[in-house]
Structure formats: structure tokens, C-alpha cells
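Read through the structure below, which is laid out as C-alpha cells, and then see the notes.
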2 protein chains.
Amino acid sequence: MEVIPQSEFARAGGNLALLADMCRVNALVAVKRAGSGHLGSSFSAMDIVVHLFYAELNTAEIGFDDPGRDVYFSSKGHDVPGLYAVLNALGVIPTERLLKLRRLGGLDGHPDVGVPGIEANSGSLGMGISKGRGIAWAKRLLGHGGRAVVMTGDGELQEGQNFEALQAAAAHAQGNLWVIVDRNELQSDKPTTEIVSLGDLEQKLRAFGWHVAACDGHDHEQLGAVFADFRAREDVPKVLVANTIKGKGVSFMEHPHALREGGGTYRWHAGAPDDESFALAHAELVERIRSQLPDLLLEPVRGTDEGSVGEPQSGIATRARVTDEYVAAAYGEAVLDLAETHPELVVLDADLASDCRIRPFELEYPKRFHESGIAEQDMVSAAAGMARQGLLPVVNSFASFLASRANEQIYNQASEGSKVIYALHYAGLIPAGPGKSHQSIRDISLLAALPNMTIVQPGNAEETKTLLRWAVEEADGNAALRLAIGPSPRRLELPAVQPGCGAVVREGTQALLFAYGPVMLHEALSAAELIGNQLQVVNMPWLNRVDPGWLHELVEPFDELFVLEDHAPVGALGDTLRRELGNRQVRVFGVEGWPACGTPTEALRFHRLDARSLAERIVSALPAKASAE
Amino acid sequence: MEVIPQSEFARAGGNLALLADMCRVNALVAVKRAGSGHLGSSFSAMDIVVHLFYAELNTAEIGFDDPGRDVYFSSKGHDVPGLYAVLNALGVIPTERLLKLRRLGGLDGHPDVGVPGIEANSGSLGMGISKGRGIAWAKRLLGHGGRAVVMTGDGELQEGQNFEALQAAAAHAQGNLWVIVDRNELQSDKPTTEIVSLGDLEQKLRAFGWHVAACDGHDHEQLGAVFADFRAREDVPKVLVANTIKGKGVSFMEHPHALREGGGTYRWHAGAPDDESFALAHAELVERIRSQLPDLLLEPVRGTDEGSVGEPQSGIATRARVTDEYVAAAYGEAVLDLAETHPELVVLDADLASDCRIRPFELEYPKRFHESGIAEQDMVSAAAGMARQGLLPVVNSFASFLASRANEQIYNQASEGSKVIYALHYAGLIPAGPGKSHQSIRDISLLAALPNMTIVQPGNAEETKTLLRWAVEEADGNAALRLAIGPSPRRLELPAVQPGCGAVVREGTQALLFAYGPVMLHEALSAAELIGNQLQVVNMPWLNRVDPGWLHELVEPFDELFVLEDHAPVGALGDTLRRELGNRQVRVFGVEGWPACGTPTEALRFHRLDARSLAERIVSALPAKASAE
């Protein structure tokens, strides 16, 4: 594995297309090394990003601390490996750090202002134009020069917040705000036209009062001409629709080709390429670069550690054990099963059908599958309407987006007394590679105060099926199903439980540890194995509902009670148990502060939620007789 | 005060303009009697609603239970007094209930499906088209006839969710979805063009792939022609931009006139008219009706009770005591004061400047005031951008909207480590007249799991100023300031406190009751006055932060600990105290279930949070020695 050293970039002599290819090589290496990352989008945006930093923005000259600097950031955020590579080429990010993509102390999987050159946190879609116009407004008020330049995806424009921002920027005549749409025509794995078409995008943007241009986003001459024109238009916000190719620069990743190969789905959106694809892509890029820079120097990547290379997207493989069980997959199967006997069951998606494992349902029951595009609020309110008509909507997205962005819509739906099932995918701390925009550590707190919402999290595949069946067939109000997205770190035998009740999964004598979900149950059991027979572990899948009789009888013999949260320490199971237990002390181990970005092992250790740290914390909290035993 | 009895409507003989005026009379009476309600918008939409129910929808014929019915609802929701009047005319809602607008057991201040003829909960803006298209989609799937017909406001279209819904409805070719925009050109109290212009609305809607028509929304012939045309277009969603006049039907409420009279602001958006204006409006309407129906029968309103008539918008006057103190007003003054010495302080609004008491700031510092329109997500992300540029944004909206709809944007801002102050107006249960879309009983839970967010609620004007100054000058992270919107029920002397500490406001011997905010502190103190010297009352304005030393010393002498929440029992101060107190039992009195709609007295009693109920609950929870004393 070889990168292009920083020193080589000066030799490109302002050849922007060449520079873009050179950055593509380093982004490719960083993603391969991380085991995850978004190459398709990094590559489609790469010419634009290179053009901006090398030919348009003033940051290369005046630096990232000058208040008069141009502020550039990407709203879609998942294209950040490309941006990191450009910042590396400019000397802002050292190569060593570039090669620590998605690692603790390295570079966050989505943009974070803690990284040099990163001007805004993003990763959840659709916030960028608003943020950019806040920056542009502040610049004017403060008398600072420079523009705000925001990159957006095209699928991302399905988020309604974009249109709030577009209308307000026009109303405020924010001429120092530029937006560039990376119009690569694909969202996660399908064409935008197949998810929710943007229609005539330029017409839409014009209707919102913006000056609109369009050009080939890989043609530096055209880009230069548009930007020159933009500079001359002072009192109107400006948007460039840059027509690009997803995966640009590597023939087999380029979307027209890759879509044909994939039978209509695009496989290079997220995830690192396998070794063979990596080698092919690397060779193709290097060959093209060497056609212009024959003596291009490549540097072998040193210190490659096994944990980080070829790691699956979830990253759980870095831990000693990992299984081939995915509760998300079990969920997908359970939805299909239940659909057969429940004709009222319909499934809603916001462009995460593959990740949420509902593609099989879509294929089997296309009429009962509803695609909202990247528009969680619309999805939830549409589900509310469906529920009022007698359907049972099962609403899918990542927990961090669904519980948060659509929170008021969920409240509104719940207030109608209808029943909707919310599938909160990618709940909790792990995988930690994508960073804090994706890690969901607040979702329980965001839903728990609703009067008719039961929140559960299954710990294995079987419990996933049981709990979904309960939600569909028995729950008399809304249910939220928290689901881990990665592989289960171990296979668990979990006794069946009644609503509000958990079950002992390991006997112990002195202290009791509640946990839920495959990730934390594994850490809890591993901690118990380290500690010995003092620690009893209880799987408690009911997160905001508890059977008082069961609980009081369960805890009675134990001196100490602990809860392991796959969540912030506030607003989750610990608080639920405290409300019921009253005068018993309940100690909570939760995700304190902002969730760390890194491998699962790194993130768990960072938060002292890995088995070893937990064992230490528990033993030190036990009265002397325990630690002495 | 006289209404038109139900029997009179049949005599209008299908004269739609006449029927609309007759309904205006009854809506006017209902609002006057309630002491609050939105006449301007009810009147602008009235011709359309009457036209729909009398000439277009099938519900008058087949009823509200038939699955093949047309489903009509208003997304803006605050125009519901007009809809209630039409439903009353049709015999769906009895007159007795119409006259219990905004009262417990009567008609909710915003639409609620518990009321006959109401098809969707609304009141928080921008969800209706999504919901309507969910209904339309379900109808197709289930093979049910009928359309979904959604009324929206025009200011409401600033919410981004509308555009999510518009694009998805077009993508799904939802021909059984109709939208009617009540284009009265005003939002709360100013023209839409002065808040955030909608630009060329028809062009926008066309750009989103809808069939668009426009007509005079008070001309029944034009309305009929448009709807006939709509019926002929099957495979495309259709929107009518109905040009209307806010306050239509009462000369001095009609917006061209009223705006001139008001020097640019419109005073008939919300709130009941005073007695003189009511009499004038009533007389004008009745006179016009009698020009066509000379023997129109009017019926005196019986059983008028004083509490409900002429009650101020907040409704607190129904309780024995009410002061002229508004913590919201103190907040407005404090913002102005701090602005002088803090040039970095800027204020953001989402079209609630009057209610949020920031109009004086807008007038004094127009360049430092930022209007986002009804677009809370955009407002928050714009504030995030401003904060990154060194400004200190103070973001304003109602708590129920801001903490919920912009929740993910707040998380994103907080994750950048910048500082923003969130002013959560209209926090808590009271006023209860507008209903559950506006009452905010989850906002603490929605923000408490953020690592760098301190949530406070002041109990009087002085504490409001102190806490805002603390937030501006001392807080090292974000602060959320919960603010009651109504008048304080009593003037309180509140000792100054340190961060994390509360203060005793009434000494007691046996039990301790924590409370916060003017509404609940009043009930707590009144309860203590009923109980006697056993109950100590502590004002605790820090809702998710507590000084352990202070707390442990404070509670040590007391047998029993109680918390009175102006919030759901989950996720608020009680949970904060339990986390700190560990093995002490903390009993919480909070807003259980959905917040009741009614006068303050009714709502507090319903939830058993009024002084008398509290006293009973506390005494019954105390050990025998207390209740015997």
C-alpha cells in the first residue's frame, strides 16, 4: 500500500486535474486502511474541492485562522476522505494523520471542527446551507471578508431544511454565500430519480431566488469560468449545479459503468474496496498520473496494523470475537415474515433500505414499501397519515436521525393515538468509525417522555424477532426498536421475557449489572467473566418500561446495582430503573461526553465501557468483601 | 352574545358566501367566549372550508366513518375555530361544544382527532402535506376512494418539511392529494414578504412537479371551477393557491385595512377581540347575513361563566391571583440590556418575535436581529454558523417547536463546541388553551443528554435577568432558558443562587418540595400554605445540573422529597435529583399523559398539579405523624 507523499503535490504545477487524481490516490489509501469510507462521493467531488482550494479560496494563502478567510465545508460530509486528502496535499493535515482515518486520535469519519481545516461538523444531511448562510451573515455583520462556500450532495437536497435555507438566503440577499451541488445523480446505492427525483433542479433553485449556473464538475476550465462569474454577482446567493460522475477517476467505480455492472445498484458508495479492487483502482490512478508526472514518487504505508485494514464497516472484527449474526438482518427477516400474516403492515424508508435490511421487503412487497427519500420528517408524518387510515407503518432510519430530526413529527403522530413502529437502526456507540453524527446515544432520552411509546432493544437475532412480533401484534401504542447495525460480538442465549421484564444471563452473588443490546451484553458478560461469580448480568430489553414485581424481587438480594448503557448516562435505562427503585442506589456506566470516533475497541476503551474497564469500575465500587474474594 | 343556531344553516339554501358569513359569526362568538383563538386565519380560510364541505367533499353525505370519505384537514391548525363552526353548521359538532372552545372537555385550541370531524392533529406547522400524502397513499393501497385535501397557510410554507412532502408526492404521482394554500399574505403579525418572502410561489410549486392553479379564495364560482379541473387530473398532485384576505368578512379585520391601521402590523392574528370590537364585528356580519336572510334567528349564549369570557390569552386570570409580571417580558428587557455591553450578541427569530418579546431588540439593533421565518431547523444551523464566527446567538422560539423540531440541529451545533443560547418560550403546561401542539412538556428531556447544555428556568422577572446574564457571561457551553409565556400567578421573592444550587422559598419541617418556574412555584407555595409548616419549598432553577454539596446538605433533615415538574415526569428535574441522590426516594408530580387543553385551572386540576391536589397528594404520602399533625 503506497501513498503519494506531501512533497509531490508541489510538482503538479497547478495542473488541477492531475492534483485531483493525486488526491484520489491518497483518499483511496486512507479509506482502504480505515476499512470504511465513502469513495464514490469523495471522487465525484474531488475536482471541485481541488479547484476551490488551489484556484479559488484564499485559505491556502491566508490560512485557517484569518477571520477574512473563505470558509469551505461539505454539507454531505461523507465525502470527507477526499477533503482530507486535499488538506493533506496542502500541508494542513500530515500524512500520518490522513492514514489514521476513522481511528481514535486520527481523523473523524465525518467532518469535525477538531480537525485542522474542517470548518463545520456535518454527516447528518441537509444542514450545510443553513450553516453556511449563518457564517456568511456573521461575516457581513463583523465586516469580515471572505465567502462561505458549501458543497452539498444532490440526494441530500431531499432534506427540507435545504429549502428553508435557500429561501432565507435569498430573502437576506446573501451574496457572500456560494453553494455547489455535487450532482452525481446517485444517492446511497441507487439513482436519485429512482428514490425521489429532484425534478428540474435548476428550475427549483431559480424559483427560490438564487443565481444558478451549471457545468461539468470535472472540467476545470468550466469551473473557473463559473466561479469568475459568481465573483461578479454580489447581491445574490449563487449555486452551481456541478454535473459529476460518482466514483470519477477509477473506471470501474464511475457510476454509468458501475450501475450497469451492479444491475442498477451502485456498490462504491460506502465501504472500502476489497484488496483486488483496491489494487486495480490504485494502479489505474497511478498510471494516469505518471502519464503526466512520470517520476511520481510513492511511499509505502508503514506501521499498518491488522486491526485497521480490511476491517468490515462495523469494525467489530477488531475485537477478539465476532459472529456472523446481525440483529439488523434478523429484523429484516422478521419484517418479511410478519408481512405475510399482517396485510396492514407497510414499510417506510428514507434512503437507507440496504443498511436497514428492508430491501427484501421492498422487492417482495413493492406496493407496501414507501420511499420518502432523505426526508425523515416527511416519512414520519406520512406514516402518521397511513396509520390513521388503518395501516401499521414500520418506519426505518438510523436512530440518530429518526429520533432526533423527526422528533416533533413523532410527538405529533403519537398524540393522535395511532400506532407506528419506529425501527431505530444503528443505535448506540458502535460502530464508532463514522463519528458523532451517526452514533446514536440520545435516542432513548428523545422518546422516553412520550406517553405511549415503548422503547426496546433486542440482544440477539431471536429476541429481535420476538420483540418485533410483540410490537406488531401486542403493543397497544407505539414501539421503538433500537437495533445494533454491526455483527454481534458473541452469540447469546437469551431467555424469553415478558413485557417490562428482563432475564438473568449469568448468575452472580453480590452485584447486578443490567445491560441490553448485543454490544453491551457482550462487554457485560466479558466483565463478569473477568470478575468472577460476584457479578450477575441481566438482559433488560425494555428500556422505559419495567415490571415492578419482577424488578424488586430481582434486585433484593444484591448489594450493588449497575447499569451499562449503550447511550448517554442521562435519559436511558438507568433513569427508568431509578424511577422504579426509589431508594436503591443505581450506578450507571454510559457514554459520557461526545461519542469517540475509532474502532469499536478504541471507542469502548475510550469511554471505559469495554469489559476490562467495566470490571475495574465494578470491582472498585463493590464493598471490600467483594474485591477481597 | 348571540350565536346562529344549527337549524338556521339549512335555510341558506346552498348560498356558500352566505354560509361562510354565518359560520364566521359562530367562530367569532366561540373565540370571544374562549378568550383566545385565531380569527384572522379562520376568516381568510372560511369560504374555502365552506365550499369544500358544502360543495366538494363527500363527508356531508357519507359521514366521517366511511373509509371512502374525502379526508380534509388544516395543516396550519390555528384556523380551527372556523372549521369547528362549519362542522357545527353541518351538525357534526353541537353548538354547546362549539361554545366550549379551549375548555377542558370542549374543543381543543388546535385540531385534535378526539373531536368529531377532525382528521389530523396539527398546530405545529408544516406537517400537513406529508400527512395528507400518507393518507392518500394508504387510500390507494387499500383501494379506498376519496381524496386527501390539505389546507396550509402561506407563512407555513417556510417550513422545509413542506418541500420534502411536495417532492415525494410528485415522485409518487399522488393524484388523490389536493393542497389548498390559504394565501392571505400575512404570517403572525406581519406580511410574509417582510418575514421571509415566498417569492414566486406558483413557480416554486410547479418546479416541484405539482399541478398548480390560483384563484380568488373568496369567489365560489372560481373555487368551483378550479376543483372541477382538479377532479379531471388524475395522476398528479394538485395545489390551489387561493388568494385570500386575512380577517375576511369583517371590514376592520381585513388585512389591507388592518395593516394600515396597525402601522404595518396586523392585530387580529390571535387573541379574542375586546368587547367593543366583538360587538362591531358581530353586528357587521349579522347585518350582511340579514340582507339575504332577513329573518335570521339568533340565539343568546347561555351559561356564560366569567372565567372564560374576556380571559387574557394566557388564561391565568382564571386563578384567584395573577400579577402583571411576565418573565418573558423580563427576558426581552434583559436581552436589550446585555446587547449594549455584548456586541457579539445577536438574536434569531422564527416568526415569533412579538410572543418572544424580542421585537424591541429588532427595532433597536436591526442588523443584529436575524429572521429565519417559520423554519426552526434553519434558524438553529444558521446560529451554529454564526457562533463559529465568534458571535453569541440567542435563538428564540416556542419550546415545543425549538427543542423538538430542531433537535438534531442543536445536537450538531453543540458538537462543534461553540456556544449558543436557546430561549425556550412557552415552556410547560400553561397556558393550556392552545393544546398539545403548543404545550411543551418534553423539552428538558430532549436536551438533557447533551454533554454541554445547561437547562434553567427562572421563577420570576429578576431571576430571568440573572440567569440570562449568567448564560451570556459565565456559561462555558450552551444554555437553554425555559420561559413561561403567561403572567406570573404571584410575585415571588427568590434568593439569588449559585450554579447548580436552588434556594428555600418557604421553610418547612418534614418534607421538601422542589419546584421551578412561576406557574409551579405558585402551586407549590399554595400547597404549602394549605398543608402548614411541614412542607419546605425550594426553588430549583437548574434543571439538569446540581451542586452535590448543596443538595445533600439541603435534603438531609427531611423525611420525604418531592419534585413538582412543569414537564412530563420523565427526563426532567426529578431524574436529575435522583441521579445525584442515589438512595433517597424522590417522588415526582409531573404532567402525566398528554397535556390537557383548557384554562390553567382546568389543566392543573386535571393533572392534579394544582395546589389543592398537590397538598392532598403530599399529605397522603407523608408518614402518619405528618397527616396527624
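The values are calculated or read from the model by the stated rules, or taken from the named source; none is laboratory data. This structure is a prediction, so every number in the text was calculated from the model and none was measured. Backbone-built Cβ (ideal geometry, glycine too); neighbour counts: all protein chains shown. The area values use the complete protein model at the heavy-atom level, side chains included, leaving out ligands, DNA and RNA. Shrake-Rupley method; radii C 1.70, N 1.55, O 1.52, S 1.80 Å.
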**OP:** Could you work out the Rg to Rh ratio of segment A:186-312, with Rh taken as the Kirkwood radius (inverse of the mean 1/r over all Cα pairs)?
**Re:** 1.07
Subject >> Compactness of segment A:317-384 as Cα Rg over 2.2 N^0.38 Å, two decimals >> reply: 1.28
**OP:** Using 0.36 nm per residue of separation minus the Cα-Cα distance, give me the extension gain between A:SER251 and A:GLU592 in nm, one decimal.
**Re:** 118.3 nm
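With the radius of gyration and the Kirkwood radius both derived from the Cα set of segment A:113-206, what is their ratio Rg to Rh?
0.99
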Original post:
What percent antiparallel are the DSSP beta bridges of segment B:485-629, to the nearest 5?
Top reply: 20 percent
**OP:** Report, as an integer, the average count of C-beta atoms from other chains found within 10 Å of each Cβ along A:204-213.
**Re:** 4
Subject >> Viscosity 1.306 mPa s, temperature 10 °C, Stokes-Einstein D of segment B:456-502 from Kirkwood C-alpha radius, µm²/s >> reply: 139 µm²/s
Original post:
Quick one: in chain B, whose Cβ comes closest to the B/A rotation axis, and how close in angstrom?
Top reply: B:GLY160, 1
**OP:** Apply the Debye scattering formula to the protein assembly as shown, with a single equal point scatterer on each alpha-carbon and no solvent, then give log10 I(q)/I(0) at q = 0.04, 0.06, 0.09 Å⁻¹.
**Re:** -0.22, -0.49, -1.15
Subject >> Per residue value of the accessible surface for chain A (all protein chains in place, 1.4 Å probe), Å² >> reply: 30 Å²
**OP:** Measure nothing but the geometry: give the 0 to 90° angle between the long axis through the Cα atoms of A:80-89 and the longest principal axis through the Cα atoms of chain A, rounded to 10°.
**Re:** 50 degrees
**OP:** For segment B:496-525 and segment A:185-220, compute the distance between their C-alpha centroids and round to whole Å.
**Re:** 56 Å
Original post:
So what is the 222 nm mean residue ellipticity for chain B from helices alone, if each DSSP H run of at least 4 adds -39500 (n - 2.57) and you divide by all residues, rounding to the nearest 500 deg cm²/dmol?
Top reply: -11500 deg cm²/dmol
Subject >> Percent antiparallel among DSSP beta bridges (both partners in segment A:505-591, rounded to 5) >> reply: 5 percent
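Using a 1.4 Å probe over the heavy atoms of the protein chains, calculate the carbon and sulfur portion of the accessible area of segment A:468-535 as a whole percent.
That fraction is 43 percent.
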Original post:
Which percent, nearest 5, of DSSP beta bridges in segment A:334-465 are antiparallel?
Top reply: 5 percent
Subject >> Teacher prompt: A:ASN452 distances to equivalent labels in other copies, 7 Å Cα→Cβ, nm >> reply: 3.9
Subject >> Equivalent ellipsoid dimensions for chain B as semi-axes, Å, which come from the Cα gyration tensor, largest first >> reply: 43, 28, 22
Original post:
Once Lys and Arg get +1 and Asp and Glu get -1 on their Cβ, which of B:GLY40, B:GLY271, B:ILE410 lies farthest toward the positive end of the dipole of the protein assembly as shown?
Top reply: B:ILE410
Original post:
Working out 0.36 nm times the residue gap between A:HIS342 and A:VAL504, then minus their Cα-Cα distance, what length gain in nm do you get to one decimal?
Top reply: 55.1 nm
Original post:
Between B:GLU61 and the same site in the other copies, what are the distances in nm, shortest first, taking label points 7 Å from Cα along the C-beta direction?
Top reply: 7.2
Original post:
Of the accessible area of segment A:246-303, with the probe set at 1.4 angstrom, what percent is carbon plus sulfur?
Top reply: 51 percent
Subject >> Spacing of the two label points (7 Å from each Cα toward its C-beta) at A:LEU142 and B:GLU362, in nm >> reply: 2.6 nm
Original post:
Going by alpha carbons, how many degrees (0 to 90, nearest 10) lie between the helix axis of A:128-142 and the longest principal axis of chain A?
Top reply: 60 degrees
Subject >> Largest to smallest principal axis extent of the C-alpha atoms in segment B:50-172, angstrom >> reply: 45, 32, 24
Original post:
To the nearest 10 square angstrom, how much accessible area does B:ASP219 have with a 1.4 angstrom probe?
Top reply: 50 Å²
**OP:** List the distances, in nm to one decimal, from the label point of A:GLY262 to the label points of the same position in every other copy, shortest first, placing each label point 7 Å from Cα along the Cα-to-Cβ direction.
**Re:** 5.3
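So which of A:LYS246/A:LYS465; A:LYS419/B:LYS436; A:LYS32/A:LYS204; A:LYS465/B:LYS76 end up more than 28 Å apart, counting from Cα to Cα?
Violating the 28 Å limit, Cα to Cα: A:LYS246/A:LYS465; A:LYS32/A:LYS204; A:LYS465/B:LYS76.
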Original post:
What spacing in nm lies between the two simple spin-label points modelled at A:ASN452 and A:ASP219, each 7 Å away from Cα in the Cβ direction?
Top reply: 5.7 nm
**OP:** Sticking to Cα atoms, compute the Rg of segment B:5-118 to one decimal and its Dmax as the biggest Cα-Cα distance, whole number, in Å.
**Re:** 12.8, 37
Original post:
Treating the beta-carbon of each Lys and Arg as +1 and of each Asp and Glu as -1, no other charges, what is the dipole magnitude of the protein assembly as shown about its Cα centre, to the nearest 20 debye?
Top reply: 480 debye
Original post:
What total accessible surface area, summed over both chains, is buried at the interface between chains A and B, computed with a 1.4 Å probe and given in Å² to the nearest 100?
Top reply: 8200 Å²
Original post:
Kirkwood hydrodynamic radius for segment A:418-533: how many Å is it when counted over pairs of different Cα atoms?
Top reply: 15.3 Å
**OP:** Quantify, in whole percent, the carbon and sulfur part of the accessible surface of segment B:1-133 (1.4 Å probe; protein heavy atoms only).
**Re:** 47 percent
Original post:
Going by a 1.4 Å probe on protein heavy atoms, which residues of segment A:166-180 end up with at least 10 Å² less accessible surface in the whole assembly than in their chain alone?
Top reply: A:GLN167, A:ALA168, A:ALA171, A:HIS172
**OP:** When a/c is below 1.5 the answer is rounded, else prolate if a/b is larger than b/c, else oblate, so apply that to segment A:203-250 with a ≥ b ≥ c taken from the square roots of the Cα gyration tensor eigenvalues.
**Re:** oblate
Original post:
Roughly what angle does helix A:39-51 make with the longest principal axis of chain A, taking Cα atoms, 0 to 90 degrees, to the nearest 10?
Top reply: 40 degrees
Original post:
Taking a spot 7 Å from the Cα of A:ASP559 along the direction of its beta carbon, which residues of segment A:491-511 have an amide N less than 16 Å from it?
Top reply: A:508-511
